[in-house]
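Reviewing the structure listed below.
The values are calculated or read from the model by the stated rules, or taken from the named source; none is laboratory data. Predicted, not measured: the structure shown is a model, and the values here were computed from it. Positions of Cβ are generated from backbone atoms using ideal geometry, with glycine treated the same way; all protein chains shown enter the neighbour counts.
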There are 2 protein chains.
Amino acid sequence: MQNHLIEPSKVDEIISKVHLDLPSEKVNFSDSLGRTLAENIYADRDFPPFDRVAMDGIGIHHSSIDNAKNLFIIEDVQPAGSSQLKLKESENCIEVMTGAILPEGTDVVIPYEWTERRGEQMFVSDFKHAQSFTNVHRKGIDVKKGEVLIKAGTIITSAEIGILSTVGKVEVVVKALPKVAVIATGDELVGIDQIPADYQIRMSNCYSIQSRLQEEGISSKIYHIVDDKEALKVKIKGLFSSYNIFVFSGGVSKGKFDYLPQVFEELGVVKQFHGVKQRPGKPFWFGITKNNQPIFALPGNPVSTYLCANRYLIPWLNRELQKENRQPKAILDSDYSFDKPLTYFLQVKSYYNSSGELCVSPTTGGGSGDLANLSIADAFVELPSDRNTFIKGDKLPIWFYKK
Amino acid sequence: MQNHLIEPSKVDEIISKVHLDLPSEKVNFSDSLGRTLAENIYADRDFPPFDRVAMDGIGIHHSSIDNAKNLFIIEDVQPAGSSQLKLKESENCIEVMTGAILPEGTDVVIPYEWTERRGEQMFVSDFKHAQSFTNVHRKGIDVKKGEVLIKAGTIITSAEIGILSTVGKVEVVVKALPKVAVIATGDELVGIDQIPADYQIRMSNCYSIQSRLQEEGISSKIYHIVDDKEALKVKIKGLFSSYNIFVFSGGVSKGKFDYLPQVFEELGVVKQFHGVKQRPGKPFWFGITKNNQPIFALPGNPVSTYLCANRYLIPWLNRELQKENRQPKAILDSDYSFDKPLTYFLQVKSYYNSSGELCVSPTTGGGSGDLANLSIADAFVELPSDRNTFIKGDKLPIWFYKK
């Protein structure tokens with residue numbers, strides 16, 4: 001009857017072997033934010049695409065500096081966005097604007113700050129060691145046409161959006177997003193718009209999981225299946241063809257109506273583990289369907305579900321989407337004891353101290369049923385099972401669920 | 001002609017005095033993710049709403065323990081989601097499921113792990129110090145009906161979504177989002193779907209700003225206005241009635257066609273500063289309209305615009321939306337020199353070292369025109385103006401633009 005419980009690190013190991021085989025798809029660049037780029041992005045031209053004026057001022061030829069010339073007749077003005085002018089007499093100048101193409105026959109920009117206007121002429125008392133191409137952002141110096149600007153696999157953030165628009169990538173090939181089903185089980189659950197009877201509660205886990213996925217840019221669909229073995233079997237089987245990932249909440253404890261493990265077995269799902277040496281979230285069940293779809297069957301307690309989603313599901317999903325896997329540690333700001341031989345995920349509120357270091361305070365409450373505490377805290381720190389006492393100053397792995 | 005340049009800290013001080021007066025609005029809870037809660041959320045009932053079974057097992061009366069009774073006749077099964085049963089004989093038991101209401105006449109739950117089934121009876125060899133309400137999550141122990149679960153001003157994350165659904169808040173009052181206009185200026189700009197001439201470039205700053213805002217859950221509208229003083233004046237004036245915040249890109253340097261500061265002045269905008277002792281982003285202009293709308297007029301260079309947006313605009317906006325203001329510091333992992341009396345915002349790639357500490361590597365490139373480098377880096381660190389040399393191990397304020 002007792003399951004073989006495994007360590008959280010073993011959970012990581014098992015889950016990390018499951019991979020999503022997601023196709024690519026083309027989306028409009030304005031819909032690409034947060035997506036995983038599935039093609040290299042190349043420079044469609046040199047950058048800068050022309051010798052670009054880098055300061056507002058006057059464009060001259062460097063021979064004028066060599067000749068110690070100080071007074072320049074202004075031939076013309078070269079604005080940004082206009083075709084290239086030509087300096088007619090090499091000892092004259094053209095006023096040039098930041099972002100403009102450098103006029104033909106000029107190769108130095110003397111900024112206005114070093115000049116003094118004298119009628120139709122410009123006077124420069126000090127060239128401050130200016131030479132050929134001073135204050136000119138030279139064509140192709142940043143990137144040559146054809147070079148890779150962004151590699152496939154990069155997550156498209158606002159920084160990449162700037163680059164995509166620069167090179168005119170109106171459509172972008174990205175990795176398709178996984179299709180996720182979030183399935184609540186439990187006869188005690190009623191809809192959020194219902195008034196529950198005394199012995200009922202409203203569905204909430206499916207919404208917190210769904211919105212946690214949404215925070216990562218992943219949409220999902222919610223289902224509720226009652227605690228009836230046949231109904232579970234039929235409905236779950238029906239969902240297998242439509243989704244890549246299944247997240248269940250409830251139905252995996254030792255209760256008489258916790259049919260899920262048995263139903264999964266009958267549907268040919270290969271159990272990977274049932275039970276983790278952790279609190280909260282001990283009854284966590286995980287398996288893989290015949291078509292390599294992972295099933296995260298999380299315990300029904302709200303804090304347990306939420307911890308398992310944040311500690312295992314979201315990091316795995318982000319790795320599959322090629323997002324960076326980051327593992328900060330936080331400094332515990334007060335002593336804490338937990339005397340069971342389990343990994344304990346302590347709810348904490350994080351902050352940066354005056355030295356800019358990441359610190360955490362255990363939040364009050366912390367009973368695994370205390371949902372409201374999840375709002376006050378913003379992360380869990382992972383207290384390893386081999387110690388019972390944790391002291392102020394200890395550095396512990398932290399799992400954020402709020403930004 | 002030379003503007004009076006101010007320090008970045010002075011920019012913070014000036015901008016922090018501008019406040020958005022945003023109304024409240026009611027949204028469906030499924031649209032509330034990321035929004036700022038504008039009402040307190042109260043418990044609509046006690047939590048737990050009933051004496052809740054916390055383990056799968058049997059419910060007994062504690063007098064059986066006192067009487068050292070070991071064998072219990074099973075009267076019935078109390079599933080989760082069913083109305084409350086009643087134990088008929090106090091020396092018997094009822095099987096109880098996690099999440100169920102505790103049957104009347106029972107006050108202790110003995111988990112299955114401690115029991116052994118003997119036909120229609122359950123045998124318990126060891127009560128492990130169980131007593132009244134062991135393994136029972138008592139009614140109201142977490143929260144009493146009417147207590148505040150989430151305070152107004154909290155950002156609605158997936159954690160809050162769980163609570164909102166628990167209490168059946170189908171509609172939620174949140175702070176309205178600001179209306180933001182992002183305005184590109186510059187005759188050299190063409191649309192992203194255009195092939196630019198040699199002296200033209202595609203618009204990109206407006207898209208990176210727009211998507212940076214989108215990453216914070218704020219939508220905006222993009223405009224492009226050419227470098228024509230009258231056109232600028234008429235169009236900008238026309239926008240004043242429709243937006244709370246204006247972000248300009250370009251048109252604030254010293255060029256002959258950098259009309260914005262003058263146009264703003266003629267429209268009655270009160271300039272707060274023009275020019276910051278920083279690189280990139282020195283020509284940053286900031287003013288406030290007669291109706292208290294801030295105008296962030298950012299330099300046209302892509303990295304300058306992006307730095308100013310991330311260092312000033314986004315943190316200010318987040319503070320106005322009551323998001324937490326966090327200031328981590330990162331450890332520089334190699335020496336770096338910058339020999340100008342300016343605050344330098346160094347592009348860096350951040351990572352956590354094996355001790356879980358936040359570290360940064362300067363990324364190559366870093367010319368203020370090197371847009372591609374923004375994709376390789378993920379943050380800026382702020383090198384103060386009073387030092388020129390920064391050494392490995394220095395802790396510096398970091399401004400992330402990627403998660």
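Before moving on, here are some points about what is shown:
- The stretch B:259-351 holds strands (runs of 3 or more DSSP E) entirely within its bounds, and those carrying 3 or more residues that are touching a residue at least 40 places away in the same chain (Cβ under 8 Å) map to B:270-274, B:294-298, B:329-332.
- Among the candidates A:331, A:376, the residue that is within 20 Å of residue B:327 (Cα to Cα), β-branched (Val, Ile, Thr) and modelled with pLDDT under 95 is uniquely A:376.
- When residues of the stretch B:157-197 are limited to those that are within 12 Å of chain A (Cβ to nearest Cβ), assigned to a loop (DSSP other than H, G, I, E, B) and in contact (Cβ under 8 Å) with a residue 40 or more places away in the chain, the one farthest from residue B:238 (Cα to Cα): B:167
- Among (1) more than 8 Å from every other protein chain (Cβ to nearest Cβ); (2) under 30 Å from residue A:241 (Cα atoms), the one test that residue A:151 misses: (2)
- Checking residue B:162 against (1) over 30 Å from residue B:31 (Cβ atoms); (2) crowded, with 23+ Cβ neighbours inside 10 Å; (3) not aliphatic (A, V, I, L, M), the condition it does not meet: (1)
- Scope the stretch B:124-145; condition assigned to a strand (DSSP E or B) and touching a Lys or Arg at 6+ places or on another chain (Cβ under 8 Å); matching residues: B:136, B:137
- The single condition among (1) touching a Lys or Arg at 6+ places or on another chain (Cβ under 8 Å); (2) within 24 Å of residue A:184 (Cα to Cα) that residue A:352 does not satisfy is (2).
- Of all residues in the stretch A:33-76, those satisfying the criterion of being farther than 12 Å from residue A:108 by Cβ and either in contact with a His (Cβ under 6 Å, 6 or more places away or on another chain) or of a type in the set (A, V, I, L, M) (or both) are A:33, A:37, A:38, A:41, A:43, A:48, A:52, A:68, A:71, A:73, A:74.
- Test: residue in the stretch A:373-396 that is farther than 30 Å from residue B:164 by Cα, over 23 Å from the mean Cα position of the chain (by Cα) and within 12 Å of another protein chain (Cβ to nearest Cβ): yes
- Condition check for residue B:181: of a type outside the set (Phe, Trp, Tyr) and more than 30 Å from residue B:37 (Cβ to Cβ): no
- Number of residues in the stretch A:1-49 that are modelled with pLDDT of 95 or more, assigned to a strand (DSSP E or B) and over 30 Å from residue A:282 (Cβ atoms): the value is 9.
- Complete set of residues in the stretch B:115-145 that are buried (at least 18 other Cβ atoms within 10 Å of the Cβ) and in contact (Cβ under 8 Å) with a residue 40 or more places away in the chain: B:115, B:122, B:124, B:127, B:130, B:135, B:136, B:137, B:139, B:142, B:143
- Filtered by the rule that a residue be more than 7 Å from chain B (Cβ to nearest Cβ), among the small types (Gly, Ala, Ser) and outside any helix (DSSP H, G or I), the stretch A:198-235 gives A:217, A:219, A:220.
- Residue count for the stretch B:60-99 satisfying the condition of being within 11 Å of another protein chain (Cβ to nearest Cβ), buried (at least 19 other Cβ atoms within 10 Å of the Cβ) and not polar (S, T, N, Q): 8.
- Test for residue B:68: is it of a type in the set (A, V, I, L, M, F, W, C), without any contact (Cβ under 8 Å) to a residue 40 or more places away in the chain, under 18 Å from residue B:131 (Cα atoms) and assigned to a loop (DSSP other than H, G, I, E, B): yes
- Within the stretch B:65-100, tally of residues that are of a type in the set (Gly, Ala, Ser) and in contact with an Asp or Glu (Cβ under 6 Å, 6 or more places away or on another chain): 3
- Search result, residues across the stretch A:180-232 that are surrounded by 17 or more Cβ atoms within 10 Å (Cβ to Cβ) and of a type in the set (Lys, Arg): A:202, A:212
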